[in-house]
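To keep things clear, I will list the structure first and then write my remarks on it.
The values are calculated or read from the model by the stated rules, or taken from the named source; none is laboratory data. Given the structure is predicted, the values throughout are model-derived calculations rather than measurements. No Cβ is skipped: glycine too gets one built from the backbone with ideal geometry, and neighbour counts run over all protein chains shown. Please note that ligands, DNA and RNA were not included when accessible areas were found on the heavy atoms of the full protein model with its side chains. Shrake-Rupley method; radii C 1.70, N 1.55, O 1.52, S 1.80 Å.
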Amino acid sequence: INFRNVMSEFEQKYYEYSCFWENGVLEDKENRQRVDTTISLIPQDVRSLLDAGCGNGVFLNAVAQRKPFIDLHGFDRSLDALQYVKVPRTVGDVTNIQIPDRTYDCVSCLEVVEHIPYPYYKKAVSELARVSKKYLLISVPYNEDLLHDSNQCPACKSRFNANLHFPSYDVNTFTKSFE
């Protein structure tokens, strides 16, 4: 059994559940605060922004309302999620972004890279950097205890994070990931 194919198929199906993306689901107080903080971090000179792994567009739709002068584009693997995005959008995989080099002033990737399996991680980060002219705006869970929220496969006894997170980040690991 090819574990990557099994996990990829599982994850693809997981992100196509409508109840995961429906309006309001990701708009709780904590997510609104995260979105507000992230919008405040967008540099003043940004005029174009690609949100890679945009999900249902909670971040992009808020940016569109507050910074209408920015040309926005959503990018996600989930067709179901993209139906909620109110700006131009494209379906795709962050390990192979079909967009020309240095197209966007800023590329955001919020709460996504922690889901990328280790063999594909460097390729995904490279792709994010490739399509950005100036800035990468990336958020990840901080100091997450991956074993705390883990499950064990009853068949093979492998342990995996319930949120499908692979690495845990602190200041050092995050900095090293994006050198």
*List the number of the failed condition for S132; all other conditions in (1) under 23 Å from Q33 (Cα atoms); (2) out of contact with any helix residue (DSSP H, G or I) (no Cβ under 8 Å at 6 or more places or on another chain); (3) open to solvent by less than 60 Å² (accessible area, probe 1.4 Å) hold.*
(1)
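Test R66 against the criterion of being open to solvent by 40 Å² or more (accessible area, probe 1.4 Å), of a type outside the set (D, E), over 16 Å from L136 (Cβ atoms) and modelled with pLDDT of 95 or more, and give yes or no. Step through it out loud before you land on a result.
Values: open to solvent by 40 Å² or more (accessible area, probe 1.4 Å): yes; of a type outside the set (D, E): yes; over 16 Å from L136 (Cβ atoms): yes; modelled with pLDDT of 95 or more: yes.
Here the answer is yes, as R66 does meet what is asked.
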*Would you check which residues across region 73-122 are touching a strand residue (DSSP E or B) at 6+ places or on another chain (Cβ under 8 Å), of a type outside the set (D, E, K, R) and over 14 Å from G55 (Cα atoms) and list them?*
I97, Q98, I99, T103, Y104, C106, V107
*Do you know which residues across region 26-54 are open to solvent by less than 80 Å² (accessible area, probe 1.4 Å), modelled with pLDDT under 90, touching a helix residue (DSSP H, G or I) at 6+ places or on another chain (Cβ under 7 Å) and in a loop (DSSP other than H, G, I, E, B)?*
L26
_G53 - would you say it is touching a Cys at 6+ places or on another chain (Cβ under 6 Å) and closer than 28 Å to T173 by Cβ?_
yes
*May I ask you to say which residue of F166, F75 is within 17 Å of the chain's Cα centre (by Cα), of a type in the set (F, W, Y) and at pLDDT below 90?*
F166
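For the structure I just gave you, tell me whether A124 is at pLDDT 60 or above and among the small types (G, A, S).
Details: at pLDDT 60 or above: yes; among the small types (G, A, S): yes.
Considered against the rule, which asks whether it is at pLDDT 60 or above and among the small types (G, A, S), A124 comes out as yes.
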*Would you check if E9 is modelled with pLDDT under 95, closer than 18 Å to V94 by Cβ and surrounded by fewer than 13 Cβ atoms within 10 Å (Cβ to Cβ)?*
yes
